[in-house]
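Below you'll find the structure, written out as structure tokens, and then a few comments.
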Amino acid sequence: MLVPLHPGLDTPGSSPDNVPGKRSLLAALANGLLAYSKARFGQARLWHYGLLAFASVATVLAATPLQAAEEILISYGILERTIAIADLEHFAETGQLTPQLRAYNERLQFSQEQLEQIRQALVTPAETLSHVAIAQFLYTEQGELLLNELTRVVRTPARQGDFSALRAALILGAARAEGGVTLLDVLRAYPIEAIRLELGEGFVIAQEINRAILQSERAVALVQDLSTQEANAAPLTPEAYSALLQLIQQQRRYQVNQATLVVPGLSRPAELYLPRLAPGQSPPPLGFPVVIISHGLGGTSGSYTYLANYLASGGIAVAAIEHAGSNDQQLLALLEGRADQVVPDEEFFRRPQEVSLTLNALGRHRTGTTNLSTRLDMTRIGVIGQSFGGYTALALAGAAFDPASLAQNCPPIGLTFNPSLLLQCQAAPLADSGQRLVDTRVGAIFIMNPIGSVLFGESGYGQIQIPVMMVGSTADTIAPVFPEQIRPFTWLTTPERYLLLLNQGTHFSVVGDVALPEQPSPSPRPWWGLGLTWLSPTCRCWLWPTSSSP
């Protein structure tokens, strides 16, 4: 869907008290873990990395004798109840309430459906992550922030937040789990005789998450309504739609040559995808326009091969680069204990600079007898970025760090529904550096699931003056669509700005080298062809048939 700027999306309403929770506290933690642990976004690859790291710490974990919790103290105001963990285990395994739980339920009056939901919350694995991966993450700055927030709810019998005990419970619970850590695994592994759950704090966190979810749902509904109104006002007939698709296919008239480009300053060569002329074909008068692809956290230069080939066949030269400080090897180093950060701080500066270095190299490099500088039109340059790559493209387009926004929002308060803030807030100490990362050679950006709401803020987005197309996914739990795409879209002031929402798409739907069940809405390739017009000599805009959705 294609929609114009709309100013009123940041106040869609608050959550009513009776909205059912859609994310448990454990799920919120799991989302944070996933945001920084999924190397190239593959579960199978995570399992492999866990095995590699297992030898280094598994024996230490297995040899650590710790007392296990036997009961839970549930506090809510002045009320307090005690539940034996053995009773919860019996309920989880059989679905039957023990006499004590039955007595409590006579007061609480949970329905059978609600009881089944509780049972599923106890036994459903959060994610198939190795205990080593969880341990490594929980010792990062982002992991410690999450643990500190969880200690608002999970406490010792003396009402103290025991940071170390909670971390031990999560790690040991995962170590003993066979099919992914569950809430019951964590309760069993808590290394103190009892766990106190502060329900008041838990309800506050749950309400905050529910409010964020409802806010996002309402914003998406508003965008969909605006798109429908626009489509009805200027309907795209089936004939016009067919003609548009035919035009896209006609642009795909080139074969593709692949090559590598050594870029001074980059540890790995860039992958080039160059349109190849058939006999009798002539190149564009000024040469082929250029696009640089910047991958997300944990990605590689091969993450968007399908997209690079598609664009090159349509007459756009593509350079896919690999950011060594935030690629799959960086996350592997974290999981193996060779790194203690999700990404180094300097990666926020280095990523845009690596794109600029690649543009420098493209302008002067010669490969064999092919002079790239004569085949490429270096006056028509675009950047495509996904997630952390979206941040990279925004910085190159002119968005500057917003120190006030970072100071106000970092560290995140509470268990946020937006795990990407954990990464954005890492840049807070860098905000006053005064360093500008803009590259004036970049003439347009195409950003998918970008992050930057807090890092750039309204003032940063407002500094962008080139065309922007922003893609969000309505089922994205890593960079949720309302705070990270819809709301920042309203901050853009550039005349050419477009928003595309993928209904039921996830954070990984546009990643080309993964096919997982968690990707309910992979992006259909034909819509990429619509971007072929952005860098054409006659049109500097993006198009999307509003009468059809992906």
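The values are calculated or read from the model by the stated rules, or taken from the named source; none is laboratory data. Only a predicted model underlies this, so the values are computations on that prediction, with no experimental measurement involved. Because the Cβ atoms are built from the backbone with ideal geometry, glycine has one as well, and the counts that use them run over all protein chains shown. Heavy atoms of the whole protein, side chains included, go into the accessibility calculation; ligands, DNA and RNA do not. Shrake-Rupley method; radii C 1.70, N 1.55, O 1.52, S 1.80 Å.
Classify segment 167-316 from the C-alpha gyration tensor, please: rounded if a/c falls under 1.5, else prolate or oblate depending on whether a/b exceeds b/c. Working shown, then result.
Values: a/c = 3.82, a/b = 1.68, b/c = 2.27.
Judged from the Cα gyration tensor, segment 167-316 comes out oblate (a/c at least 1.5, b/c at or above a/b).
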Please label the shape of segment 221-279 as rounded, prolate or oblate, based on the square roots a ≥ b ≥ c of the eigenvalues of the alpha-carbon gyration tensor (a/c under 1.5 means rounded; beyond that, a/b larger than b/c means prolate, else oblate).
oblate
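Is segment 175-260 rounded, prolate or oblate when judged by the Cα gyration tensor, a ≥ b ≥ c being the square roots of its eigenvalues, rounded requiring a/c under 1.5 and prolate requiring a/b larger than b/c?
Values: a/c = 5.22, a/b = 1.88, b/c = 2.78.
Judged from the Cα gyration tensor, segment 175-260 comes out oblate (a/c at least 1.5, b/c at or above a/b).
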Roughly speaking, what is the stretch gain from Arg159 to Thr228, that is 0.36 nm per residue apart minus the C-alpha to C-alpha distance, in nm to one decimal?
19.6 nm
Order the following by accessible area, largest value first: Met448, Met378. Probe radius 1.4 Å; ligands, DNA and RNA are ignored.
Met378, Met448
Determine the dipole magnitude for segment 323-466: charges of +1 sit on the beta-carbon of Lys and Arg, -1 on that of Asp and Glu, nothing else is charged, the reference point is the Cα centre, and the result goes in debye to the nearest 20.
660 debye
Residues with amide H under 5 Å from that of Ile478, placed H, sequence gap 5 or more
His507
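Subtracting the Cα-Cα distance from 0.36 nm times the residue separation, let me have the gained length for Val123 to Ala333 in nm, one decimal. Let's see the in-between values first.
Numbers: separation 210, 0.36 × 210 = 75.60 nm, distance 3.08 nm.
Roughly 72.5 nm would be gained on extension.
With a 1.4 Å probe and all protein chains left in place, how much accessible area per residue does segment 231-329 have, in Å²?
Each residue of segment 231-329 exposes 42 Å² on average to a 1.4 Å probe.
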Could you list which residues have their amide H under 5 Å from that of Asn327, counting only those 5 or more apart in sequence or on another chain, with H placed in the peptide plane?
Gly298
Residue farthest toward the positive end of the dipole of segment 77-125, with Cβ of Lys/Arg at +1 and Asp/Glu at -1: which of Asn105, Thr94, Gly77?
Gly77
Please list, in chain and number order, the residues 5+ apart from Gly382 or on another chain whose amide H is under 5 Å from its amide H, with Hs placed from the backbone.
Val290, Val291, Ile292, Gly443
In segment 190-299, taking the dipole from +1 charges on Lys and Arg beta carbons and -1 charges on Asp and Glu beta carbons about the Cα centre, the listed residue (Pro269, Ile195, Leu245) farthest towards the positive end is Pro269
Using 15 Å as the cut-off for backbone N distance, which residues of segment 437-460 belong to the label zone defined by a point 7 Å from the Cα of Asn360 along Cα→Cβ?
437-441
Probe 1.4 Å, all protein chains present, accessible-area order of Arg167, Arg375, largest first:
Arg375, Arg167
Provide the per-residue ³J(HN,Hα) series for segment 87-98, in order, calculated from phi with Karplus coefficients 6.51, -1.76, 1.60 and θ = phi - 60°, each as a whole number of Hz, with x at glycine and proline positions.
5, 5, 4, 4, 5, 5, 7, 10, x, 9, 7, 6
Quick check for you: with a 1.4 Å probe and neighbouring chains kept, what is the accessible area per residue of segment 74-122, in Å²?
68 Å²
In percent, what relative contact order does segment 410-506 have, based on Cα pairs under 8 Å that are 6 or more apart in sequence?
29 percent
